[in-house]
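The values are calculated or read from the model by the stated rules, or taken from the named source; none is laboratory data. All values derive from a computational prediction rather than experimental measurement. Note: ideal-geometry Cβ built from the backbone for every residue, glycine included; neighbour counts use all protein chains shown.
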Amino acid sequence: MRIAIMGAGGIGAYYGACLARAGKEVVFIARGAHLQAMRKKGLKIEDFGGSEFTIDQGHATDDPATVGPVDAILFCVKMYDAQSAAELCKPMMGDDTYVITLQNGVESVAIVDGVLGKGRSLGGAAYVAGSLIAPGVVRRTNQKTKIEFGEVDGTVSPRVKAFAEALEAAGIETVVSSDMQAMLWSKFVLMTSNACITALSRTDTSVVRADPIMRGVYCDAMAETIAVGRAMDVAFPDDICERTLEWLDTSAPIMASLANDLIAGRQLELEWLSGAIHRFGKQQDVPTPIHTTVYAALKPYVGGAI
(Lines give C-alpha, C1' and ligand atoms only; values in the text may rest on other atoms or scores of the structure.)
Protein backbone atom coordinates (compact mmCIF):
# COMPACT_ATOMS: atom_id res chain seq x y z
CA MET A 1 0.00 0.00 0.00
CA ARG A 2 1.30 3.44 -0.97
CA ILE A 3 0.15 6.22 1.36
CA ALA A 4 0.62 9.98 1.21
CA ILE A 5 0.48 12.08 4.36
CA MET A 6 -0.96 15.46 3.38
CA GLY A 7 0.11 17.69 6.25
CA ALA A 8 2.97 16.04 8.12
CA GLY A 9 2.56 17.94 11.39
CA GLY A 10 2.12 16.36 14.80
CA ILE A 11 -0.73 14.01 13.92
CA GLY A 12 0.06 13.26 10.29
CA ALA A 13 3.76 12.68 10.95
CA TYR A 14 3.04 10.38 13.88
CA TYR A 15 0.62 8.15 12.00
CA GLY A 16 2.78 8.21 8.87
CA ALA A 17 5.85 7.18 10.88
CA CYS A 18 3.96 4.25 12.41
CA LEU A 19 2.78 3.12 8.97
CA ALA A 20 6.30 3.46 7.53
CA ARG A 21 7.78 1.51 10.44
CA ALA A 22 5.29 -1.28 9.64
CA GLY A 23 6.58 -1.47 6.07
CA LYS A 24 4.14 0.69 4.14
CA GLU A 25 5.46 3.03 1.45
CA VAL A 26 4.76 6.44 2.94
CA VAL A 27 5.30 9.84 1.33
CA PHE A 28 5.19 12.87 3.65
CA ILE A 29 3.98 16.17 2.21
CA ALA A 30 5.64 18.84 4.34
CA ARG A 31 7.32 22.22 3.99
CA GLY A 32 9.92 24.58 5.38
CA ALA A 33 12.40 23.65 8.10
CA HIS A 34 10.41 20.53 9.00
CA LEU A 35 10.75 19.21 5.45
CA GLN A 36 14.47 19.96 5.33
CA ALA A 37 15.07 18.21 8.66
CA MET A 38 13.14 15.12 7.53
CA ARG A 39 15.21 14.97 4.36
CA LYS A 40 18.52 15.32 6.20
CA LYS A 41 17.98 13.39 9.44
CA GLY A 42 14.72 11.49 9.01
CA LEU A 43 11.61 11.80 11.15
CA LYS A 44 12.08 11.25 14.88
CA ILE A 45 9.12 10.23 17.06
CA GLU A 46 9.28 10.75 20.81
CA ASP A 47 6.53 8.36 21.84
CA PHE A 48 4.32 8.46 24.90
CA GLY A 49 6.03 6.76 27.83
CA GLY A 50 9.57 7.72 26.82
CA SER A 51 10.37 5.42 23.89
CA GLU A 52 11.69 6.79 20.59
CA PHE A 53 12.02 5.70 16.99
CA THR A 54 13.23 7.32 13.80
CA ILE A 55 12.08 6.84 10.22
CA ASP A 56 15.27 7.22 8.22
CA GLN A 57 14.04 6.24 4.79
CA GLY A 58 10.72 8.11 4.72
CA HIS A 59 10.28 10.14 1.54
CA ALA A 60 9.33 13.78 2.07
CA THR A 61 8.49 16.50 -0.45
CA ASP A 62 6.73 19.83 -0.74
CA ASP A 63 5.54 19.05 -4.29
CA PRO A 64 2.69 16.51 -4.50
CA ALA A 65 2.96 16.61 -8.29
CA THR A 66 6.22 14.59 -8.02
CA VAL A 67 4.62 11.80 -5.99
CA GLY A 68 2.35 10.17 -8.55
CA PRO A 69 -0.81 8.17 -7.76
CA VAL A 70 -1.13 6.63 -4.30
CA ASP A 71 -3.59 4.19 -2.79
CA ALA A 72 -4.63 6.40 0.12
CA ILE A 73 -4.09 9.95 1.36
CA LEU A 74 -4.17 10.66 5.08
CA PHE A 75 -5.43 14.25 5.09
CA CYS A 76 -4.16 16.03 8.21
CA VAL A 77 -3.92 19.73 7.35
CA LYS A 78 -5.51 22.50 9.38
CA MET A 79 -9.06 23.31 8.34
CA TYR A 80 -8.15 26.74 6.98
CA ASP A 81 -5.90 24.95 4.46
CA ALA A 82 -8.39 22.21 3.55
CA GLN A 83 -9.57 23.66 0.24
CA SER A 84 -6.10 24.46 -1.09
CA ALA A 85 -4.62 21.18 0.21
CA ALA A 86 -7.37 19.19 -1.50
CA GLU A 87 -6.42 20.90 -4.77
CA LEU A 88 -2.80 19.84 -4.20
CA CYS A 89 -3.95 16.22 -3.84
CA LYS A 90 -5.15 16.03 -7.44
CA PRO A 91 -1.84 14.77 -8.96
CA MET A 92 -1.79 11.93 -6.40
CA MET A 93 -5.29 10.72 -7.22
CA GLY A 94 -5.56 7.49 -9.18
CA ASP A 95 -8.84 5.92 -10.23
CA ASP A 96 -9.29 4.24 -6.83
CA THR A 97 -7.40 6.62 -4.53
CA TYR A 98 -9.30 7.58 -1.41
CA VAL A 99 -8.77 10.27 1.22
CA ILE A 100 -9.12 9.77 4.98
CA THR A 101 -9.84 13.11 6.61
CA LEU A 102 -8.43 13.49 10.14
CA GLN A 103 -9.20 17.09 10.89
CA ASN A 104 -10.87 19.16 13.55
CA GLY A 105 -14.53 19.82 12.91
CA VAL A 106 -17.29 18.09 10.97
CA GLU A 107 -17.00 19.74 7.55
CA SER A 108 -13.85 18.30 5.99
CA VAL A 109 -15.49 15.46 4.02
CA ALA A 110 -17.75 17.96 2.24
CA ILE A 111 -14.80 20.25 1.50
CA VAL A 112 -12.52 17.50 0.16
CA ASP A 113 -15.27 15.81 -1.88
CA GLY A 114 -16.19 19.21 -3.29
CA VAL A 115 -12.71 19.43 -4.78
CA LEU A 116 -11.86 15.80 -5.59
CA GLY A 117 -15.30 14.39 -6.37
CA LYS A 118 -18.14 12.84 -4.42
CA GLY A 119 -17.27 9.59 -2.68
CA ARG A 120 -13.52 10.14 -2.57
CA SER A 121 -13.40 10.76 1.19
CA LEU A 122 -13.71 8.63 4.28
CA GLY A 123 -14.49 10.65 7.39
CA GLY A 124 -12.12 10.07 10.28
CA ALA A 125 -11.34 11.18 13.81
CA ALA A 126 -7.89 11.02 15.40
CA TYR A 127 -7.46 10.69 19.16
CA VAL A 128 -3.68 10.91 19.33
CA ALA A 129 -2.11 14.08 20.74
CA GLY A 130 1.01 14.82 18.74
CA SER A 131 2.97 18.03 18.42
CA LEU A 132 5.88 19.19 16.32
CA ILE A 133 8.45 20.18 18.97
CA ALA A 134 11.32 20.84 16.54
CA PRO A 135 11.87 20.43 12.79
CA GLY A 136 11.81 16.71 12.10
CA VAL A 137 10.77 15.81 15.68
CA VAL A 138 7.25 14.90 16.83
CA ARG A 139 6.20 14.10 20.39
CA ARG A 140 3.12 12.09 21.37
CA THR A 141 1.68 13.29 24.68
CA ASN A 142 -1.30 11.04 25.40
CA GLN A 143 -2.06 7.35 25.80
CA LYS A 144 -4.32 6.90 22.79
CA THR A 145 -3.28 6.26 19.20
CA LYS A 146 -6.85 5.59 18.01
CA ILE A 147 -8.26 6.42 14.60
CA GLU A 148 -11.97 5.99 14.02
CA PHE A 149 -13.18 6.26 10.42
CA GLY A 150 -15.77 5.06 7.95
CA GLU A 151 -17.69 5.50 4.74
CA VAL A 152 -20.34 8.22 4.49
CA ASP A 153 -23.00 5.56 3.94
CA GLY A 154 -21.78 3.35 6.79
CA THR A 155 -20.80 0.35 4.66
CA VAL A 156 -17.66 -1.63 5.48
CA SER A 157 -16.19 -1.37 1.99
CA PRO A 158 -13.04 -3.12 0.69
CA ARG A 159 -11.10 0.15 0.97
CA VAL A 160 -12.18 0.57 4.59
CA LYS A 161 -11.08 -2.98 5.37
CA ALA A 162 -7.73 -2.47 3.61
CA PHE A 163 -6.90 0.74 5.43
CA ALA A 164 -8.03 -0.65 8.79
CA GLU A 165 -5.69 -3.61 8.30
CA ALA A 166 -2.82 -1.25 7.49
CA LEU A 167 -3.45 0.80 10.63
CA GLU A 168 -3.72 -2.26 12.85
CA ALA A 169 -0.49 -3.68 11.43
CA ALA A 170 1.15 -0.36 12.39
CA GLY A 171 0.02 -0.73 16.00
CA ILE A 172 -2.64 1.97 15.75
CA GLU A 173 -5.91 1.30 17.54
CA THR A 174 -8.55 1.27 14.82
CA VAL A 175 -12.34 1.54 14.94
CA VAL A 176 -14.49 1.30 11.80
CA SER A 177 -17.64 3.38 12.18
CA SER A 178 -21.04 2.44 10.77
CA ASP A 179 -22.34 6.00 11.35
CA MET A 180 -19.75 8.50 10.20
CA GLN A 181 -21.83 11.56 11.08
CA ALA A 182 -22.43 10.40 14.66
CA MET A 183 -18.76 9.46 15.02
CA LEU A 184 -17.51 12.86 13.82
CA TRP A 185 -20.01 14.77 15.95
CA SER A 186 -19.20 12.70 19.04
CA LYS A 187 -15.57 13.74 18.68
CA PHE A 188 -16.78 17.30 17.95
CA VAL A 189 -18.55 17.43 21.32
CA LEU A 190 -15.27 16.66 23.08
CA MET A 191 -13.16 18.81 20.77
CA THR A 192 -15.22 21.98 20.92
CA SER A 193 -15.61 21.85 24.70
CA ASN A 194 -11.91 21.21 25.21
CA ALA A 195 -10.84 23.84 22.67
CA CYS A 196 -13.02 26.67 23.92
CA ILE A 197 -12.21 26.40 27.63
CA THR A 198 -8.47 25.66 27.33
CA ALA A 199 -8.03 28.46 24.77
CA LEU A 200 -9.88 31.09 26.79
CA SER A 201 -8.18 30.11 30.06
CA ARG A 202 -4.76 29.22 28.60
CA THR A 203 -4.70 26.19 30.90
CA ASP A 204 -4.74 22.44 30.35
CA THR A 205 -7.48 19.95 31.15
CA SER A 206 -6.10 19.11 34.60
CA VAL A 207 -7.07 22.64 35.69
CA VAL A 208 -10.42 22.53 33.88
CA ARG A 209 -11.58 19.29 35.47
CA ALA A 210 -10.54 20.32 38.99
CA ASP A 211 -12.21 23.74 39.05
CA PRO A 212 -16.01 23.58 39.57
CA ILE A 213 -16.74 26.74 37.59
CA MET A 214 -14.50 25.83 34.66
CA ARG A 215 -15.91 22.30 34.65
CA GLY A 216 -19.41 23.77 34.57
CA VAL A 217 -18.59 25.92 31.56
CA TYR A 218 -17.07 22.86 29.87
CA CYS A 219 -20.32 20.96 30.45
CA ASP A 220 -22.43 23.87 29.16
CA ALA A 221 -20.29 24.05 26.01
CA MET A 222 -20.71 20.31 25.57
CA ALA A 223 -24.49 20.60 25.91
CA GLU A 224 -24.61 23.32 23.25
CA THR A 225 -22.76 21.17 20.71
CA ILE A 226 -25.06 18.23 21.44
CA ALA A 227 -28.18 20.40 21.07
CA VAL A 228 -26.99 21.77 17.72
CA GLY A 229 -26.07 18.29 16.49
CA ARG A 230 -29.45 16.86 17.46
CA ALA A 231 -31.17 19.72 15.63
CA MET A 232 -29.19 18.59 12.57
CA ASP A 233 -30.39 14.97 13.01
CA VAL A 234 -27.16 13.58 14.45
CA ALA A 235 -27.81 10.27 16.23
CA PHE A 236 -25.55 10.68 19.25
CA PRO A 237 -24.96 7.67 21.49
CA ASP A 238 -27.09 7.80 24.63
CA ASP A 239 -24.01 8.11 26.83
CA ILE A 240 -22.31 10.93 24.90
CA CYS A 241 -22.08 13.18 27.99
CA GLU A 242 -20.67 10.40 30.17
CA ARG A 243 -18.11 9.45 27.50
CA THR A 244 -16.93 13.02 27.11
CA LEU A 245 -16.57 13.62 30.84
CA GLU A 246 -14.78 10.29 31.28
CA TRP A 247 -12.23 11.45 28.71
CA LEU A 248 -11.82 14.76 30.58
CA ASP A 249 -11.31 12.99 33.92
CA THR A 250 -9.05 10.13 32.85
CA SER A 251 -6.87 11.41 30.01
CA ALA A 252 -3.41 12.89 30.46
CA PRO A 253 -3.63 16.70 30.78
CA ILE A 254 -3.49 18.47 27.44
CA MET A 255 -4.23 21.83 25.90
CA ALA A 256 -6.27 21.84 22.71
CA SER A 257 -4.47 22.74 19.50
CA LEU A 258 -6.60 25.91 19.38
CA ALA A 259 -5.10 26.96 22.73
CA ASN A 260 -1.55 26.10 21.65
CA ASP A 261 -1.96 28.02 18.41
CA LEU A 262 -3.43 31.02 20.24
CA ILE A 263 -0.53 31.14 22.71
CA ALA A 264 2.02 30.77 19.91
CA GLY A 265 0.41 33.54 17.85
CA ARG A 266 -0.46 31.24 14.96
CA GLN A 267 -3.52 31.19 12.72
CA LEU A 268 -6.57 29.63 14.40
CA GLU A 269 -9.13 27.02 13.33
CA LEU A 270 -11.77 28.94 15.27
CA GLU A 271 -14.24 29.15 12.35
CA TRP A 272 -14.55 25.34 12.34
CA LEU A 273 -14.82 24.93 16.12
CA SER A 274 -16.79 27.41 18.27
CA GLY A 275 -17.37 29.42 15.09
CA ALA A 276 -19.07 26.42 13.50
CA ILE A 277 -21.29 25.84 16.55
CA HIS A 278 -22.27 29.53 16.44
CA ARG A 279 -23.01 29.28 12.70
CA PHE A 280 -24.94 26.00 12.93
CA GLY A 281 -26.83 27.29 15.97
CA LYS A 282 -28.01 30.32 14.01
CA GLN A 283 -29.11 28.09 11.14
CA GLN A 284 -31.03 25.74 13.44
CA ASP A 285 -32.32 28.44 15.84
CA VAL A 286 -30.47 26.80 18.75
CA PRO A 287 -28.93 29.18 21.34
CA THR A 288 -25.15 28.80 21.75
CA PRO A 289 -24.10 31.45 24.30
CA ILE A 290 -20.85 29.74 25.40
CA HIS A 291 -19.53 29.06 21.91
CA THR A 292 -20.73 32.41 20.58
CA THR A 293 -18.86 34.18 23.39
CA VAL A 294 -15.69 32.17 22.69
CA TYR A 295 -16.03 32.89 18.99
CA ALA A 296 -16.41 36.61 19.65
CA ALA A 297 -13.52 36.72 22.14
CA LEU A 298 -11.04 34.88 19.92
CA LYS A 299 -12.15 36.23 16.53
CA PRO A 300 -9.57 39.08 16.53
CA TYR A 301 -6.81 36.43 16.75
CA VAL A 302 -7.98 34.20 13.87
CA GLY A 303 -5.16 35.35 11.62
CA GLY A 304 -2.54 35.08 14.37
CA ALA A 305 -1.27 37.45 17.03
CA ILE A 306 -2.50 41.03 16.79
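For this structure, a couple of remarks:
- Taking region 230-245 as the range and being in a helix (DSSP H, G or I) and either modelled with pLDDT under 95 or in contact with a Ser or Thr (Cβ under 9 Å, 6 or more places away or on another chain) (or both) as the test, the residues that pass are Ile240, Arg243, Thr244.
Yes or no, residue by residue, for (1) touching a residue at least 60 places away in the same chain (Cβ under 8 Å); (2) surrounded by 15 or more Cβ atoms within 10 Å (Cβ to Cβ); (3) within 20 Å of the chain's Cα centre (by Cα):
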{"residue": "Gln36", "(1), (2), (3)": "yes, yes, no"}
{"residue": "Ser51", "(1), (2), (3)": "no, no, no"}
{"residue": "Ile73", "(1), (2), (3)": "yes, yes, yes"}
{"residue": "Cys76", "(1), (2), (3)": "yes, yes, yes"}
{"residue": "Leu88", "(1), (2), (3)": "yes, yes, yes"}
{"residue": "Asp95", "(1), (2), (3)": "no, no, no"}
{"residue": "Gly117", "(1), (2), (3)": "no, no, no"}
{"residue": "Ser121", "(1), (2), (3)": "no, yes, yes"}
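- Among (1) β-branched (Val, Ile, Thr); (2) surrounded by 16 or more Cβ atoms within 10 Å (Cβ to Cβ); (3) in contact (Cβ under 8 Å) with a residue 60 or more places away in the chain; (4) not in a loop (DSSP other than H, G, I, E, B) - the single one Ile263 does not satisfy: (2)
- Wholly within region 131-214, strands (runs of 3 or more DSSP E) carrying at least 3 residues that are among the small types (Gly, Ala, Ser) and surrounded by fewer than 19 Cβ atoms within 10 Å (Cβ to Cβ): none
- Take the conditions (1) surrounded by 15 or more Cβ atoms within 10 Å (Cβ to Cβ); (2) farther than 27 Å from Leu270 by Cα; (3) modelled with pLDDT under 95; (4) not hydrophobic (A, V, I, L, M, F, W, C); Arg2 misses just one of them, which is (3).
- In summary, Val67 fulfils each of the numbered conditions (1) modelled with pLDDT of 95 or more; (2) among the β-branched types (Val, Ile, Thr); (3) out of contact with any Pro (no Cβ under 8 Å at 6 or more places or on another chain) with the single exception of condition (3).
- Any hit, region 53-61, residues being touching a Pro at 6+ places or on another chain (Cβ under 7 Å), of a type in the set (Val, Ile, Thr) and closer than 25 Å to Arg120 by Cβ: no
- Looking only at region 119-130, and only at residues there that are part of a strand (DSSP E or B) and within 14 Å of Gly12 (Cα to Cα), the one that is modelled with the lowest pLDDT: Gly130
- Some residue of region 13-23 being outside any loop (DSSP other than H, G, I, E, B), crowded, with 22+ Cβ neighbours inside 10 Å, small (Gly, Ala, Ser) and in contact (Cβ under 8 Å) with a residue 60 or more places away in the chain: yes
- Every residue from region 131-153 that is within 20 Å of Ala252 (Cα to Cα) and in contact (Cβ under 8 Å) with a residue 60 or more places away in the chain: Ser131, Leu132, Ile133, Val138, Arg139, Arg140, Thr141, Asn142, Gln143, Lys144, Thr145, Ile147
- The residues on offer are Leu268, Leu273, Leu258, and the sole one that is within 19 Å of the chain's Cα centre (by Cα) and farther than 13 Å from Asn194 by Cα is Leu268.
- Any hit, region 28-44, residues being assigned to a strand (DSSP E or B), at pLDDT 95 or above and more than 21 Å from Asn142 (Cα to Cα): yes
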